[in-house]
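Inspection log for the structure reproduced underneath, given as structure tokens.
The values are calculated or read from the model by the stated rules, or taken from the named source; none is laboratory data. Keep in mind that what you see is a predicted model, and the values were worked out from it rather than measured. Cβ placement follows ideal geometry from the backbone for every residue including glycine, while neighbour counts extend to all protein chains displayed.
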Protein chains: 2
Amino acid sequence: MRTITSITEMQQWSSIQKKNGCRIGLVPTMGYLHEGHLSLVRQARQDCDLVVVSVFVNPIQFGVGEDFEEYPRDLSRDCQLLDQERADVVFAPLAKDMYPAGYNSFVEVYGEITEKMCGASRPGHFRGVTTVVSKLFHICQPDLAYFGQKDAQQLLVVKKMVEELNFPLKIIGVPIVREADGLALSSRNVYLNEQQRQEALVLSRSLQAAQQLIKDGERDVEKVRVHIKDIIETSPQAQIDYIEINRASDLASLERIEGKVLIALAVKFGTTRLIDNLLVEV
Amino acid sequence: MRTITSITEMQQWSSIQKKNGCRIGLVPTMGYLHEGHLSLVRQARQDCDLVVVSVFVNPIQFGVGEDFEEYPRDLSRDCQLLDQERADVVFAPLAKDMYPAGYNSFVEVYGEITEKMCGASRPGHFRGVTTVVSKLFHICQPDLAYFGQKDAQQLLVVKKMVEELNFPLKIIGVPIVREADGLALSSRNVYLNEQQRQEALVLSRSLQAAQQLIKDGERDVEKVRVHIKDIIETSPQAQIDYIEINRASDLASLERIEGKVLIALAVKFGTTRLIDNLLVEV
């Protein structure tokens, strides 16, 4: 496995592979890899001739007062894990190369899809995501790019961007990986103390309960929302950022549960903000 | 020569050619081709294995009250000319395919480079340009893309976008083509009546005079500007939009003429807005 930090070198490598007819899979990550990331890499390994994993903690998708500085980093451990998964290249560019002095070009998806949920709580976040993802696509030139369903809104936004700006590639969404007790894997889970780690189980538990409620016939969005809220509020430390139930294809608001629906949560435990979600089809 | 209107078909064609190791040159145009466009096509024909010319009057780069509806169009004549120049593909997509209902993804370069000159007179214009050019790059996947020096600010903005967003291609600027009497070629010249066509010569004449003044030792930007203004105002119909003298690399403002300088004009004759420019190096 090769580690590349130079943007030019990465782009040249990709251009050569493309000319040789190779199918490139890209897994964009912010590093500190867990089984969730590795499931994306395994999927890419199955589908593609060559697998590139980018490891880059993208400063422009963090807001003021967010955890950019503290975000956990361990590139040598990431490289070990990726070597075991038979990735071909780890692309780990420097922030000063990705955003040199005077940098001022951005890619943005507007509308409800970026305005609600994490877009409302984290202004500018999705602009940072769509910009860095565009840059990574241009540098690594993948045929397929893999994103976790854990960041459900990000997956939708990136899919819309790729479709509307006609990027010559396909986005593959990969299911959430959970701990045995239900907690969705996240690099941010390391922030949690023992008590918070235990209380954070209300996220997956409330989603499961909502699914059961819908299975039992409930179709009123507000009633399902309140049911989730009641369960989350059994955790003394939980501070709810949002509980949203929207159409899964475009996050349009709903009053009744019909078709494919995304139930999405963001909840803070202490200073740690966790997200989780569930797709339900009626 | 092949004419393609389907985005999917164009993208598939490009992907196949790239896999075969072919070097693709793209000439993005709004059609109604003149010798200026054809000089771009000839340059691409020299440099590349395959030449794609896009013909698309891009609605989102026109402001309210501008000439989108009247903009001259003649695709069959364009195709004839491009066939003579041995272009390989004319890509002429439909607006409803480029911007389907709900379209909301944009690429934008911020800062002085898009805020002054045509950016000030035509709000949203460059956002329309950078968005359509990004789409065309993703669809046609060129190794080289050709833009006229006539639209000097557009050339700078597109170069900055390509560099900052890491598009895997190179932008080639091609010199202005002029009529024998000095008028820069433009599809919009057909709007001019005989009197306006004659008066429009003040543009190239004032630029030549400015160049001479600088050759003779003048270094004061304001004095050169006033000299240009005086010459343009000898035309009774001319309404000046802007006369700007800026650093050629990034359009930074200057008080003294030094290094590479761009002298750029936008002037209306009746309802027809013409632009012209000159690069001067001291």
State whether the residues of the range A:172-193 include one that is at the interface with chain B (Cβ under 10 Å from one of its Cβ atoms), of a type in the set (Lys, Arg) and in contact with a helix residue (DSSP H, G or I) (Cβ under 7 Å, 6 or more places away or on another chain). no
Report, by residue number, each residue of the range B:102-125 that is in a loop (DSSP other than H, G, I, E, B) and away from chain A (no Cβ under 11 Å). B:116, B:117, B:122, B:123, B:124
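Give the residues of the range A:39-58 that are surrounded by fewer than 21 Cβ atoms within 10 Å (Cβ to Cβ) and free of Cβ contacts under 8 Å to residues at least 60 places away in the same chain, sorted by residue number.
Applying the first criterion (surrounded by fewer than 21 Cβ atoms within 10 Å (Cβ to Cβ)) to the range A:39-58 yields A:39, A:42-43, A:45-49, A:56-57.
Answer for the range A:39-58, where residues must be surrounded by fewer than 21 Cβ atoms within 10 Å (Cβ to Cβ) and free of Cβ contacts under 8 Å to residues at least 60 places away in the same chain: A:42, A:45, A:46, A:49, A:57.
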Restricting attention to the range A:249-265, does a residue exist that is in contact (Cβ under 8 Å) with a residue 24 or more places away in the chain, assigned to a strand (DSSP E or B), within 30 Å of residue A:69 (Cα to Cα) and of a type outside the set (A, V, I, L, M, F, W, C)? no
For the range B:142-152, check the following and say yes or no: at least one residue is assigned to a helix (DSSP H, G or I) and away from chain A (no Cβ under 11 Å). yes
Does any residue in the range A:160-179 that is closer than 15 Å to residue A:129 by Cβ come within less than 7 Å, Cβ to Cβ, of a residue that is of a type in the set (D, E, K, R) six or more places away or on a different chain, and which pairs are these? A:165/B:135; A:171/A:159
Any chance you could count how many residues in the range B:70-100 are within 30 Å of residue A:109 (Cβ to Cβ) and part of a loop (DSSP other than H, G, I, E, B)? 6
Could you check the range A:33-72 and list, in sequence order, the residues that are small (Gly, Ala, Ser) and within 23 Å of residue A:130 (Cβ to Cβ)? A:36, A:44, A:54, A:63, A:65
Search result, residues across the range A:224-248 that are over 29 Å from residue A:65 (Cα atoms) and of a type in the set (Gly, Ala, Ser): A:248
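Looking at B:240, B:214, can you tell me which residue is aliphatic (A, V, I, L, M) and in a strand (DSSP E or B)?
B:240
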When the residues of the range A:91-101 are narrowed to those that are within 13 Å of another protein chain (Cβ to nearest Cβ) and among the hydrophobic types (A, V, I, L, M, F, W, C), which ends up farthest from the chain's Cα centre (by Cα)? A:101
State all residues of the range A:1-22 that are within 10 Å of another protein chain (Cβ to nearest Cβ) and touching a residue at least 12 places away in the same chain (Cβ under 8 Å); if no residue qualifies, say none. A:7, A:10, A:11, A:14, A:15, A:18, A:22
Flag if residue A:40 is under 14 Å from residue A:148 (Cβ atoms) and touching a Gly at 6+ places or on another chain (Cβ under 7 Å): yes
Checking the condition under 23 Å from residue B:254 (Cα atoms) and either of a type in the set (D, E, K, R) or not assigned by TED's automatic domain parsing to the domain that holds residue B:277 (or both), which residue from B:151, B:181 passes? B:151
On the given criteria, is residue B:162 modelled with pLDDT of 95 or more, part of a strand (DSSP E or B) and within 10 Å of chain A (Cβ to nearest Cβ)? no
